[in-house]
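Beneath this line is the structure, given in C-alpha cells, with notes to follow.
The values are calculated or read from the model by the stated rules, or taken from the named source; none is laboratory data. What you see is a predicted model; the values in this text were computed from it and never measured. Note that we place each Cβ from the backbone using ideal geometry, even for glycine, and neighbour counts take in every protein chain shown.
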Amino acid sequence: MYKRGLVIAFLFFWTCIWGAGSIQAATFSTRNFIVNTSDPRAAEQLANRAENLRAKLSVFWLGKEIPTWSKPCKIYIKLGNDLLPGGATTFTVNNGEVYGWKMEVQGSRDRVYDSVLPHEITHMILASHFRRPLPRWADEGAATFTEHQSERNKYQQQLYKALKTRQGIPLDRLFAMVEYPQDPMPLYAHGFSIVEFLIRQRGPHYFVSFLDACLTREKDWDTLVYEFYGYTTLEKLQNDWVSWVEHGTPEFVGTNMISGNGVEAPKLTVQSSSLMENSTFNESVQVVAQPQTPPSSTPINWSTTHINSAGEH
Ligand SMILES: [Zn+2]
C-alpha cells in the first residue's frame, strides 16, 4: 500500500520563457515517479495517483506489490481538455532487468487520471514482473482493461464495427503479433475484449499465470488454451468469445456464461441480432507455433503506446 509518510516527495516549479509567452512547469516526485507538468497542483496530484495506482494495480494483477524501482520513472504530462488521451512508455530490458523508464502522456486531467495512467502503469507492472516483452494483444489488452468504463466502451464499439464489417482479426494472427500493425486500433479493440473475456472467467492472477506459460513453455496455442481455460482449440476459444461479445458480454458464474448483462458489463447500444451472421473473420483460423520471447542477453529497447479510443495517434 502507498503510504504518504514513506514517500520522499518534493515540489518545485520554475518559470521559463517559451516563445513569446511565459509558462510555468512543475515537478513533483514520489518514491517511483517524477512527474513533470505545467500545473504544480496537478503534478502533485498525478504523481500521488501514479504511486497509488502502482501499488493497487500490482496487487490486482500479481497479488502483491512490486519492489521499488532502482530509479524512478519520469512522466511528462501535457494537460488540456482539447487533447485526446494518449501516451507512450519506454524502457530497456536487459538480462532479465528492466530499467530506463520514461512515460509521456496527454489528455484532460480526468482522462489522464482515470485512463492513461492506469494503462501505462499496467504496462510497467507487467514488464517488471515478466522482465521481457509481452505479446502485444496481451500487453495492450490488459492495459486497456484498466481504463475508465467510458473509454472501454469506445473500444467495444470499435470491436463491433470490425466484426460487423468482416474485419475481425483471427486469434492465431492476433496472438502472433509482435509489433503494432499500421492501424493499431483493431489490435487494441480485439486485445481488450479477449483479455476481458479470459479475466471474467478466471480472474487477473490466473490470466497472468496463463501469460507466463505462453512466454516460457514451448506449447502451441491449442494446448495452452485447453490447459488453462478448457477450450479444446484456439478456434473454439475464438467462437465462444465472439458469441460472448454478440450476447453483450454477460457475466460468468464459474466458467459458465450466464444470460443478461452483469453490473459491470459494458452497456452497449448495438443490435446483436445481425452481428453473428456478419461477424465472420476474414480468414480461417490456423493454429501456429507459439512465438517465444526468451530473456535477452542484449538490451531491448521496448516501447508501448496508448492511442486514444478515437483511433488516432
Ligand atoms: Zn498501451
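The set of residues from the stretch 127-136 being away from the ligand (no atom under 13 Å from the Cβ) and assigned to a helix (DSSP H, G or I) comprises Ser128, His129, Phe130. Filtering the stretch 164-188 to residues that are away from the ligand (no atom under 16 Å from the Cβ) and either of a type in the set (Ser, Thr, Tyr) or in contact with a Gly (Cβ under 7 Å, 6 or more places away or on another chain) (or both) leaves only Thr165. Taking the criterion of being at pLDDT 50 or above and either outside the structural domain of Gln106 (by TED's automatic domain parsing) or under 23 Å from Thr122 (Cα atoms) (or both), would at least one residue in the stretch 13-25 satisfy it? Checked the stretch 13-25: no residue is at pLDDT 50 or above and either outside the structural domain of Gln106 (by TED's automatic domain parsing) or under 23 Å from Thr122 (Cα atoms) (or both). When you check Leu171 against the structure, is it outside the structural domain of Asp39 (by TED's automatic domain parsing) and either aliphatic (A, V, I, L, M) or within 21 Å of Phe28 (Cα to Cα) (or both), yes or no? Criteria met by Leu171. Within this structure, Arg49 fails the test of being in a helix (DSSP H, G or I) and more than 30 Å from His205 (Cβ to Cβ). The residue list Ser115, Ser70 contains one member that is closer than 23 Å to Pro184 by Cβ and not assigned by TED's automatic domain parsing to the domain that holds Leu215, which is Ser115.
Cβ-Cβ distances below 8 Å connect the following pairs, each with a first residue in the stretch 61-80 that is closer than 17 Å to Pro40 by Cβ, a second residue that is assigned to a loop (DSSP other than H, G, I, E, B) and among the charged types (D, E, K, R), and a separation of six or more residues or different chains: Leu79/Asp39. Quickly run through the stretch 140-161 and pick out the residues that are of a type outside the set (Val, Ile, Thr) and within 14 Å of the ligand (Cβ to nearest atom). Listed by number, the residues that qualify are Glu140, Gly141, Ala142, Ala143, Phe145, Glu147, Glu151, Arg152, Tyr155. Within the stretch 111-126, being more than 10 Å from the ligand (Cβ to nearest atom) and under 20 Å from Ile194 (Cβ atoms) holds for Ser115, Pro118, Ile125, Leu126.
Checked against (1) under 22 Å from Phe207 (Cα atoms); (2) within 13 Å of the ligand (Cβ to nearest atom); (3) at pLDDT 90 or above, Phe91 passes all but a single condition, namely (1). Screening Ser193 with (1) more than 26 Å from Tyr160 (Cβ to Cβ); (2) modelled with pLDDT of 95 or more; (3) of a type in the set (Ser, Thr, Tyr) gives one miss only, at (1).
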